[in-house]
Amino acid sequence: MRLSGPRAGKWCDAATAEHGDLLDLIAVSCKLPSLKLALAEARQFLHLPGDPAPPRSERGASDKTLAAQRLFGMGRSIAGTLVEVYLARRGITRHGPCPSLRFHPACYYRDGAQQEKRPALLAAITDLDGHITGIQRTWLEASGRGKAAVTTPRRALGRQFGNGVRFGSVGEVMLAGEGIETVLSLKAIFPEMPMVAALSASNLGALVLPKGLKRLLIARDRDPAGFGAFERLARRALAAGVATTALDPIHGDFNDDLVCLGANGLRGVIARQLGDEDLASFGFERGQRRR
């Protein structure tokens, strides 16, 4: 990489003869298929305003995926935004870096012929290779203290089936759950555990499992849909040689537990359901008492 001179910012790989500039590196490292998306990613990193054009109305699934990628590129880091206010109201005050989440201050919301701009949480839905296949939009109140009072405050755009919103790089152990808030509640107290939010019970049951996975912890919601999703995913995991453990909340889901019990209480709820091997995966000492 040249750091000065007329070719500053240019790079060349002596082994392969590949060359380019910083935008090329961004496109490769973030697996972005176009220069336009690489520019959007660079703007987001530098906290520069994105393309103000509203998302296009698309017909085909591939077009919707491109629209989702473009919209996500228009978002910015959630640090210091209404998204952090929203998460804090849900008890999630420690979430670490979340590159799969972004904030859009004026995301278009359509209800029939009506159209308006509202602040929104954008969540990138990715496949196992890290490519963005869709996004989930959660529109927020102007204060950030809750979801917007609209007919459907959550909407997906693009391809979701089998994919999810990912937090951390998967190795031999992974946790899967339904909602973003549910998974972030667990991520807040077990930050080293790689996790994925499937965004719905039906998609949790259809989640595509990565190669090399040996143990899968499934955080199921306490309702019939949650138990059904666990059964479907557990059967598929067993067929692939992946051991599964079910994690059950005391209340409706693990975000409810975090709000009602606090971080230490939620940690105890999880610890009581794990064997020694899983305790080590979650950061407990092997054989630690589970109260």
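The values are calculated or read from the model by the stated rules, or taken from the named source; none is laboratory data. Just so it is clear, the model here is predicted, and its values are computed rather than measured. Neighbour counts are summed over all protein chains in view; Cβ atoms, including those assigned to glycine, are modelled from backbone coordinates with ideal geometry. Remember, those area values only see protein heavy atoms, side chains included, never the ligands or the DNA or RNA. Shrake-Rupley method; radii C 1.70, N 1.55, O 1.52, S 1.80 Å.
Identify all aspartates and glutamates with a Cα-Cα distance to residue 117 below 18 Å; exclude those on the same chain that are fewer than 8 residues away in sequence. Within the straight-line limit of under 18 Å, residue 117 reaches these aspartates and glutamates: 51, 141. Taking label positions 7 Å along the Cα-Cβ direction at both residue 271 and residue 108, the computed distance is 5.1 nm, reported to one decimal. In the calculated pair-distance distribution of the range 207-290, the portion above 23 angstrom amounts to 27 percent of the Cα-Cα pairs. Dividing the mean sequence gap of close Cα pairs (under 8 Å, 6+ apart) by how many residues the range 139-252 holds gives a relative contact order of 23 percent.
So what's the gap between the Cα centers of the range 135-211 and the range 212-230, to the nearest angstrom? The two parts, judged by their Cα centres, are 13 Å apart.
Candidate cross-link partners of residue 211 among the aspartates and glutamates, defined by an alpha-carbon separation under 17 Å and a same-chain spacing of 8 or more, comprise 127, 129, 172. Placing pseudo-labels 7 Å out from each Cα toward the beta carbon at residue 250 and residue 1 gives an inter-label distance of 4.9 nm.
When the GluC sites (Glu not before Pro) in the range 172-250 are filtered for DSSP coil states and for at most 13 other beta-carbon atoms within 10 Å of their beta-carbon, the remaining sites are 172, 192.
Legend: residues 184, 23, 128, sorted from most to least accessible area (1.4 Å probe; ligands, DNA and RNA excluded), read 128, 23, 184.
For residue 244, the residues whose amide H sits under 5 Å from its own are 216, ignoring neighbours fewer than 5 places away on the same chain, with H placed 1.01 Å from N. For a 28 Å ceiling on Cα separation, which of these pairs sit above it: 64/214; 147/214; 187/214; 10/64? Too far apart for the 28 Å limit: 64/214; 147/214; 10/64.
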